[in-house]
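A.B. asks: Let me begin by handing over the structure; questions about it come next.
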Amino acid sequence: MSSRHDPCSQPGLLHPDAAIPLLLEQVNAITATEVVLLPQALGRVLAEDLVSAIDLPPFANSAMDGFAFRHQDWQAGQALTLIGQSFAGHPYLGDYQPGTCIRIMTGAPVPAGYDSVQMQELAQVNGDQVLLEAVKELGENVRQRGEELSQGTKVLHKGCHIGPAEMGVLATIGIAQLKVLRRLNVAFFSTGDELMPVGSELGHGQIYDSNRYSLQGLLSRAGVDVIDLGVIKDDPEAIREAFINAASKADLVLTSGGVSVGEADYTKQILDEEGQITFWKLAIKPGKPFAFGHIAKAIFCGLPGNPVSSMVTFYKIVVPILNKLQGLPQTPPVRIKATLQQAIRKQAGRVEYQRGILSTSADGVAKVATTGSQGSGMLTSMTLANCFIVLEQMQGDTPAGSEVLVEPFNYLLD
């Protein structure tokens with residue numbers, strides 16, 4: 001089936017910020033759910049609101065190691081009598097007695113009748129006599145029952161991305177299993193007679209298939225189920241079969257290479273015949289060519305073949321698509337300002353994502369330098385970098401000392 005609209009045939013280039021909303025209009029979030037145990041919930045998307053069945057904390061407890069006492073019993077210079085102890089898991093079960101105190105550890109229940117805790121550093125102990133110094137207000141150092149959450153409070157909302165903190169909160173309120181969206185299935189493969197598996201010996205004109213490994217790493221970090229279909233030779237029927245196979249198994253089919261306008265490649269031909277694909281020219285460097293559409297019920301994204309171009313377009317274009325498919329919010333990348341350490345040459349026309357090394361000077365000023373040559377085939381630039389230096393579409397040459405925007409890598413796929 002031929003594509004009905006080809007952005008590559010339009011004059012000029014489409015800014016990536018304008019392209020993303022157009023792409024996301026054609027993406028629907030998955031809705032199927034499953035129930036998982038809490039240890040398997042990391043990275044999943046919550047499919048329902050969760051309400052606490054208990055108060056949190058479930059009982060008043062001590063925020064300090066020290067002595068529990070009744071505030072109205074305390075008088076400056078007058079000792080209280082120590083009559084027991086309360087440890088975490090081993091609470092004091094006796095009755096309150098006027099003029100007494102209880103030795104208490106952090107997290108241990110505050111016994112009934114006692115309402116304040118004095119830290120042990122501000123107490124003098126002489127046998128069973130405890131002199132408390134500098135006592136403050138009623139309830140000091142006591143975590144009250146339900147002060148964080150009361151029973152019936154909504155704790156996490158539908159669509160929440162479960163991270164380590166969320167897992168801890170769920171455990172705290174006793175959630176052993178939860179309903180989540182099923183995992184996204186993403187199939188990918190490489191095409192080309194020149195591509196050889198790592199570990200083999202290269203012949204003349206052959207290269208190792210690196211993009212597939214970069215994509216596998218990126219997809220694994222994105223929390224999806226990865227379907228690696230390997231390397232497909234430059235044979236039209238083999239490529240056709242690979243696309244049909246991938247689309248039958250996956251929500252998203254991802255390839256790299258073969259999507260440039262005028263490229264002598266079977267990939268574009270098969271995509272036109274088997275899917276509804278549009279080929280885009282994006283105002284982004286590296287990574288101008290990008291293909292998007294559907295093959296059967298699967299979304300298709302075709303990335304450029306150059307290794308850095310493939311990674312940059314994944315970060316900037318595919319990640320928002322993955323987020324939409326998984327029901328996650330679209331969170332803009334964190335950008336900070338930094339002082340450029342050397343001049344950068346740039347022609348106006350495309351947004352550039354140069355690979356940079358971000359650091360902080362002794363006086364706390366953020367500074368950034370490029371990793372060196374910015375060729376789209378130089379994948380080592382990604383291993384040296386910890387950020388993108390973002391140069392806007394109409395920006396030209398940028399001298400050293402200029403203030404530039406950078407996107408630290410630690411926001412990516414978090």
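A.B. asks: Which condition number in (1) under 30 Å from the mean Cα position of the chain (by Cα); (2) more than 30 Å from PRO304 (Cα to Cα); (3) outside any strand (DSSP E or B) is the one that ARG183 fails?
C.D. replies: (2)
A.B. asks: Give me the pairs: first residue in segment 101-130 and on the phi < 0 side of the Ramachandran plot, second residue among the basic types (Lys, Arg) and at pLDDT 95 or above, beta-carbon distance under 8 Å, and six or more apart or on different chains, which are they?
C.D. replies: Partner pairs satisfying both residue conditions: TYR114/ARG70; ASP115/ARG70; SER116/ARG70.
A.B. asks: So, LEU46, is that one of a type outside the set (Gly, Ala, Ser), loosely packed, with under 15 Cβ neighbours inside 10 Å and modelled with pLDDT of 95 or more or not? Break it down into steps so the answer makes sense when it comes.
C.D. replies: Values: of a type outside the set (Gly, Ala, Ser): yes; loosely packed, with under 15 Cβ neighbours inside 10 Å: no; modelled with pLDDT of 95 or more: yes.
The answer is no for LEU46.
A.B. asks: Within segment 102-114, does at least one residue satisfy the condition of being surrounded by fewer than 20 Cβ atoms within 10 Å (Cβ to Cβ), in contact with a helix residue (DSSP H, G or I) (Cβ under 8 Å, 6 or more places away or on another chain), modelled with pLDDT of 95 or more and part of a loop (DSSP other than H, G, I, E, B)?
C.D. replies: So far as segment 102-114 goes, no, none of its residues is surrounded by fewer than 20 Cβ atoms within 10 Å (Cβ to Cβ), in contact with a helix residue (DSSP H, G or I) (Cβ under 8 Å, 6 or more places away or on another chain), modelled with pLDDT of 95 or more and part of a loop (DSSP other than H, G, I, E, B).
Residue by residue, here is whether (1) in contact with a helix residue (DSSP H, G or I) (Cβ under 9 Å, 6 or more places away or on another chain); (2) under 29 Å from ILE162 (Cβ atoms) holds:
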residue	(1), (2)
GLY203	no, no
GLN206	no, no
SER214	yes, yes
ARG221	no, yes
ILE227	yes, yes
GLY230	yes, no
ASP234	yes, no
ILE244	yes, no
ALA250	no, yes
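A.B. asks: Could you list all residues from segment 192-225 that are more than 30 Å from the chain's Cα centre (by Cα), under 14 Å from THR255 (Cβ atoms) and either among the polar types (S, T, N, Q) or in a loop (DSSP other than H, G, I, E, B) (or both)?
C.D. replies: GLY192
A.B. asks: Restricting to segment 378-414, name every residue that is modelled with pLDDT under 90, exposed (fewer than 13 other Cβ atoms within 10 Å of the Cβ) and out of contact with any Gly (no Cβ under 9 Å at 6 or more places or on another chain).
C.D. replies: Within segment 378-414, THR383, ASN410 qualify.
A.B. asks: Return yes or no: is ASP95 surrounded by fewer than 13 Cβ atoms within 10 Å (Cβ to Cβ) and charged (D, E, K, R)? Write out each step before concluding.
C.D. replies: Working: surrounded by fewer than 13 Cβ atoms within 10 Å (Cβ to Cβ): yes; charged (D, E, K, R): yes.
Yes.
The values are calculated or read from the model by the stated rules, or taken from the named source; none is laboratory data. Please read all numbers here as calculations on a predicted model, not as lab measurements. All Cβ positions, even for glycine, are placed from backbone atoms using ideal geometry, and neighbour counts span all protein chains on display.
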